[in-house]
Amino acid sequence: MARVNLEGVTKRYGDVTAVDDMNLDIEHGEFITLVGPSGCGKSTTMETIAGLTKPTGGTVTIGDLDVTTLPPKDRGIAMVFQNIALFPHMDVYDNISFGLRLRNYSKEEIDRRVEDAADKVQLVGMLDRMPDEMSGGQRQRVAIARAIVREPDVFLMDEPLANLDAKLRVHMRTVLQRLHKEMDTTIIYVTHDQAEAMTMSDRIAVIDAGELQQIAPPLTCYNEPANLFVAGFIGSPSMNTLAGEVTDTGWVSQNGNIQIDFDPAELGLSPGDRPTMGVRPEDVYTSEKADTVTHPTQSLPATTDVLEPMGDEIFVYLLTDDIGAEKMALSEAEQENQLLMSVSPDSTIEEDQRVDVVLDRSKIHFFDAKSGEAIAHGIEDLAGVESASTAEAEGDD
Amino acid sequence: MATEQSQRTGGGPRTGGGTLSGVTRWMENLSETGFAYLLLTPALLLLGTIALWPLLSTFRLSLFADSLTGGLGNFAGIQNYVAVLTGQRNALLPAPFLPSSLTVDALFGSALTVTLIFTVVSVFFETIIGFGQALVLNQDFRGRRWVRVAIIIPWAVPIVIQGMLFYLLFQPGIGLFIGREGNPTILQTLGPFSATPLANTVDATLIIIVADIWKTTAFMALLILAGLQSIDRTLYDVARVAGASKWQTFKRITFPLVLPSVLVAMLFRTIQAMRIYGVIETVAGCTTVPSLSCLVISSFNNTLVGTSATIAFITAGIIALVVSVYIFKYAREEMG
Amino acid sequence: MAGEPESGRPDDTGELTRGPFERWVAKSIKNPERAYRAMFYVVTIFFLFTTLFPFYWLLALAVTPEDALYEVGLLPAGFDPTVFVDVFTKIPFHVYMFNSIVLAVTTTAIVLVLASLAGYVFGRLDFPGKSVLMLAILAISYFPPAAFFLPLWQLFNGNVITGLELYNTPGAMILPFSSLFMPLSIFILTTFFGQIPDGLEDAARVEGTTRLGALFRVIMPLSAPGVATAGVLTFIAVYNEFFFSYLMNNGEPSNWAPIVAGILQLQRAGQFQITYSVMAAGSIIAVLPVAILVVIAQEKIVSGLTAGALKE
């Protein structure tokens, strides 16, 4: 049984803190993904698990063994690297059997295991090829075979698909998932690609600036991001986040054009607080579609700006400010009040058109603007202060 | 290679025990800095005992007076340096350190000046010829490989054979350039050479310069060639499009871009030329051409240990001066 | 002429149109490539002549019979190849050759091991003092051998540590050779090792090697060209060395004296015992190992010399 446990792992390079007090508790058999922007410390975290980097502080446990000071070879791990890292001076057989040969397994055992691994990743008949005679996908499969042949307790995968082309990447995702199902080992996977993280993992650990932001199943990270960073990082395109202020009757955006009614006291907010409101593009609807939303907000006036037809959906950039149609570039404040909406491809919406939109109240998030911590996910259950809000809306008109 | 063995005998995964695996474990757990210094230890130990210690020890020896028994005399401070540099020691030395006058014979007969003359003249010609060879090798033509071999081969000739070759070439009656008595060659009637050039200080110096140019120009050529090949080829396309002639291209693109490589190559050659010893010993002997290194050895052989160390350290000092100019430049580039 | 737009190269054309090569020059003006090409061949042949002619002349001298020595010129005066045998019968030249090769091989082995470790450290690790140490190694290697000689001579003659007498043994030469030529190998290997992707070393360590194991199993095999380059250059340097080869033994072949002593013995025996032909023959024989090495490994020599220098 190989649980992997990081306790207070910290790695400093001089004045730079690459990993800061990282705590991870990974169950046996779990497929966990460390995700974050480049330079966030996810690779360093993995290197401390692999033993390629000694942490400045904290402990790493694999199974029941404190491996913090053990060299990589004694940790019962195998690793697949971003640059594939096949030994160019060895053929496929020698590459795959490298670790077994170092451990003095018998020739028969090595042959059996290598063939078994080659079979799993469909490399049969290629064992005497040299790495430079193979395609990128084949090489990556050799690297995976080299890892699985040792039947390690823990697999570490450091952006293994990053150097493959898009089509192959999608294919290899399924290969990896199938392997995980078959092999019943713990997989720790590092990527900056949130699509990989979402599709493959049991849980995602979102890391930024060396710190763990959230560790949760993919959908939890998506639906209930722990903070503004996770909200922005998970999901493509990103969640809309708008600055605003709490009023007696709810929340209003900086330019006053977006109003959401609720009783702030129920969220522990009081008038004058300045939380950030977040809503994903697919949770913004034109007011014609308001019927299909169970908990719509009131209509919000907007102007369409740029349309991005993606084929399966259209991204619509909405301006919530009143600006002249001829304006080429938006000011910073106007950009902050922009709202991205996703509509179905059969929509007849056009550029520079006045539209009314509604938000799905059950998918609205509030974050503390200073700490970024989530305050609420979904406000459909909060009682609106009906009369007051109507009054104020009318007052604005 | 303790680690290798421990792995070979170690059996399956995670087996331990025994001193070998203890050592392995200890090495694996060293910090990067500790590991770095551990691996450097053998190299630093060797350089420390066989290079650094002798260098410092030479300096120490230079502070003691000579002793007729070949041992060390009394502590003399910087007296050796004063005596050598002011010429007081010349009477004892096999050859003077500094020339007593500015005549040709005195200049070629004194260690410091003959070494400087040799260095400047040979490095100058090596640079020009080496540049020419580099330009040839930088072209694409059939047989380039063999031309390159031909140009490199003199560089690979052992110094003693280089010496023997020029000893024979300038041997009266045998050598091509020097005739037997009463039958002088053109070089002798028109040119500088006497009847027995190998025994004549000025002639022998010239021969040694030629020998050095013949052997080490290739080194210069290879460094300059590397500089030429690192020039971005697209610059030449730009120049061609702009309508530059070959000469203009050379003057405005090739030369300025290759100049740093040339200067580095000249520096290396200068440092090496200052140590000239072996060819002299083989071609003409240290009494005929008393270079600095020659003087170190011959005064040592005359039991002048302190003086010998002094001259060695002055030689080292002159080279250190040249090296430090380079290091200073290097350090500045590193920072910039 | 010079102003014509299609030639447009006043530097080349000048006043050359008059003279015996009128037609050739006229063509060259139209097509300056021809002039450059001709110049190129002349220069190339000149370089080939100056570098190779001495070897030819040495051969001509060697095969000239003893009684015709004073007639030797551009062509050999007669043909008598027996001198190539004389070299070995008059003096034990083969023993000198053997000593030289043993010294060179041993030094090369020592240098490669030490320089590989140091090259790994400088090429792949980060640690305080790295650039200072590299500069120090570089600086030390540029001091003249004469600056090391006196203390080493005393050391090897047992004047420093009583009982330790290396004079007239291989040690007295191999130690100075190693420290003298190691820096170049360190710089060559630093360059090569530094180019191996980090991932390969990490992969080897995860698969089960130690850090040192990764060096010997992955980094060094992958840097084989670099190791070969350093080896070839060290071998040639030792084989060619004069200073310590000459001064750290008494010239007796039984005392590990290398070809330096062999050639000098030929030269100093005097022309009545040893003719100039034998000297020439001995030189040719002794130069063969390095000449062959240059032909086989010229790419390595070129890259090694330049990589070392550029790194430095």
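The values are calculated or read from the model by the stated rules, or taken from the named source; none is laboratory data. What you see is a predicted model; the values in this text were computed from it and never measured. All Cβ positions, glycine included, derive from the backbone under ideal geometry; neighbour counts span all protein chains shown. The protein model used for the area step is the full one, side chains on, heavy atoms only, and it has no ligands, DNA or RNA in it. Shrake-Rupley method; radii C 1.70, N 1.55, O 1.52, S 1.80 Å.
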| query | With chain C treated as a Gaussian network of Cα nodes joined by springs under 10 Å, which of C:Val132, C:Val238, C:Val290 yields the largest mean-square fluctuation? | reply | C:Val132
| Euclidean distance of C-alpha centroids, the range C:281-299 and the range A:88-160, integer Å | 45 Å
| remark: Expressed in angstrom and rounded, the centroid-to-centroid distance over alpha carbons for the range A:277-312 and the range C:198-215 is 53 Å
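Put B:Trp247, B:Trp214, C:Trp57, C:Trp256 in order of accessible area, largest first, 1.4 Å probe: what do you get? Numbers along the way, then the final one.
Working: B:Trp247 120, B:Trp214 30, C:Trp57 0, C:Trp256 75 Å².
From most accessible down to least: B:Trp247, C:Trp256, B:Trp214, C:Trp57.
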| How many percent of all Cα-Cα pairs in the range B:82-167 sit more than 18 Å apart? | 64 percent
| request: Any chance you could look up the accessible area of A:Ser299 with a 1.4 Å probe, heavy atoms only, rounded to 10 Å²? | output: 60 Å²
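Determine the percent antiparallel among the DSSP beta bridges restricted to the protein assembly as shown, to the nearest 5. Write out the running numbers ahead of the final one.
Details: 59 of 77 bridges.
Counting DSSP beta bridges with both partners in the protein assembly as shown, the antiparallel share is about 75 percent.
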| Cα-based Kirkwood hydrodynamic radius, the range A:4-233, one decimal, Å | 18.1 Å
| query | Mind checking which of B:Val322, B:Val241, B:Val279 has the largest fluctuation in a GNM of chain B, springs on alpha carbons under 10 Å? | reply | B:Val241
| In percent, what relative contact order does the range C:119-236 have, based on Cα pairs under 8 Å that are 6 or more apart in sequence? | 31 percent
| Which part of the range A:45-83 falls in the paramagnetic zone of A:Ser38, meaning amide N under 18 Å from the point 7 Å along Cα-to-beta-carbon? | A:45-47, A:81-83
| task | Name every cysteine in the protein assembly as shown that ends up alone, with no second cysteine's Cβ under 4.7 Å, or say none. | result | A:Cys40, A:Cys221
| request: Determine the alpha carbon to alpha carbon distance for each of A:Lys289/A:Lys363; A:Lys54/A:Lys181; A:Lys11/A:Lys42; B:Lys215/B:Lys251 and list only those over 20 Å. | output: A:Lys54/A:Lys181; B:Lys215/B:Lys251
| query | For B:Arg89, A:Arg112, C:Arg34, A:Arg280, what's the largest-to-smallest order of accessible area, 1.4 Å probe? | reply | A:Arg112, C:Arg34, B:Arg89, A:Arg280
| query | DSSP beta bridges in chain A, what fraction antiparallel, as a percent rounded to 5? | reply | 75 percent
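Tell me the relative contact order for chain A as a rounded percent, counting alpha carbon contacts under 8 Å between residues six or more apart.
So the answer I get is 14 percent.
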| remark: The aspartates and glutamates whose Cα lies under 19 Å from the Cα of A:Lys107, excluding any fewer than 8 residues away in the same chain, are A:Asp91, A:Asp94, A:Glu115, A:Asp116, A:Asp119, A:Asp128, A:Glu151, C:Glu207
| Which semi-axes, in whole Å and largest first, does the equivalent ellipsoid of chain B have when worked out from the alpha carbon gyration tensor as the square roots of 5 times its eigenvalues? | 42, 36, 21
| query | In angstroms, what radius of gyration and Dmax does chain C have, counting Cα atoms only? | reply | 26.6, 84
| field | Reachable aspartates and glutamates, given that their alpha-carbon falls under 14 Å from the alpha-carbon of A:Lys167 and they are not under 8 places away in the same chain | value | A:Glu196
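Of all DSSP beta bridges located in the range A:4-233, what percent are antiparallel, nearest 5? Mind dumping the intermediate values first?
Values: 19 of 37 bridges.
Close to 50 percent.
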| note | The local net charge around C:Thr82, scoring Lys/Arg +1 and Asp/Glu -1 for residues other than C:Thr82 whose Cβ lies under 13 Å from its Cβ, equals -2
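Rounded to the nearest 0.05, what FRET efficiency do C:Phe49 and B:Phe75 have when you use their Cβ-Cβ distance and R0 = 45 Å? Mind showing how you got there, number by number?
On the way: r = 58 Å, r/R0 = 1.28.
Approximately 0.20, to the nearest 0.05.
What net charge do the residues around C:Phe47 carry, taking every other residue with its C-beta under 15 Å from that of C:Phe47, with Lys and Arg at +1 and Asp and Glu at -1?
Working: positive: B:Arg144, B:Arg145, B:Arg148, B:Lys215; negative: B:Glu126.
Here the charged neighbours net out to +3.
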| task | State the Kirkwood hydrodynamic radius of chain A in Å, one decimal place, computed from all pairs of distinct Cα atoms. | result | 23.8 Å
| task | Would you please calculate the Kirkwood hydrodynamic radius of the range A:80-204 over all C-alpha pairs and express it in Å, rounded to one decimal? | result | 14.8 Å
| said: Rounded to the nearest 20 debye, what is the charge dipole size of the protein assembly as shown about its Cα centre when +1 sits on each Lys and Arg Cβ and -1 on each Asp and Glu Cβ? | reply: 7800 debye
| query | Using bins 20 angstrom wide from zero, how does P(r) for the protein assembly as shown break down, in % of all Cα pairs? | reply | 10, 29, 27, 20, 10, 3, 0
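Restricting to Cα pairs below 8 Å that are 6+ residues apart, what does the relative contact order work out to for the range A:176-221? Please round to a whole percent. Could the numbers behind the result be given before it?
On the way: 36 pairs, mean separation 11.8, N = 46.
After rounding, I find 26 percent.
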| said: Rolling a 1.4 angstrom probe over the protein chains, ignoring ligands and nucleic acids, what is the accessible area of C:His94 in square angstrom, nearest 10? | reply: 100 Å²
| remark: GNM on chain B, Cα springs under 10 Å; top mean-square fluctuation among B:Ser261, B:Ser291, B:Ser230 goes to B:Ser230
| note | Per the charge dipole of the protein assembly as shown (beta-carbon charges, Lys/Arg positive, Asp/Glu negative, Cα centre), the residue among B:Gly317, B:Leu169, B:Leu72 reaching farthest to the positive end is B:Leu169
| FRET E, pair B:Arg233, A:Gln122, Förster distance 35 Å, beta-carbon r, rounded to 0.05 | 0.20
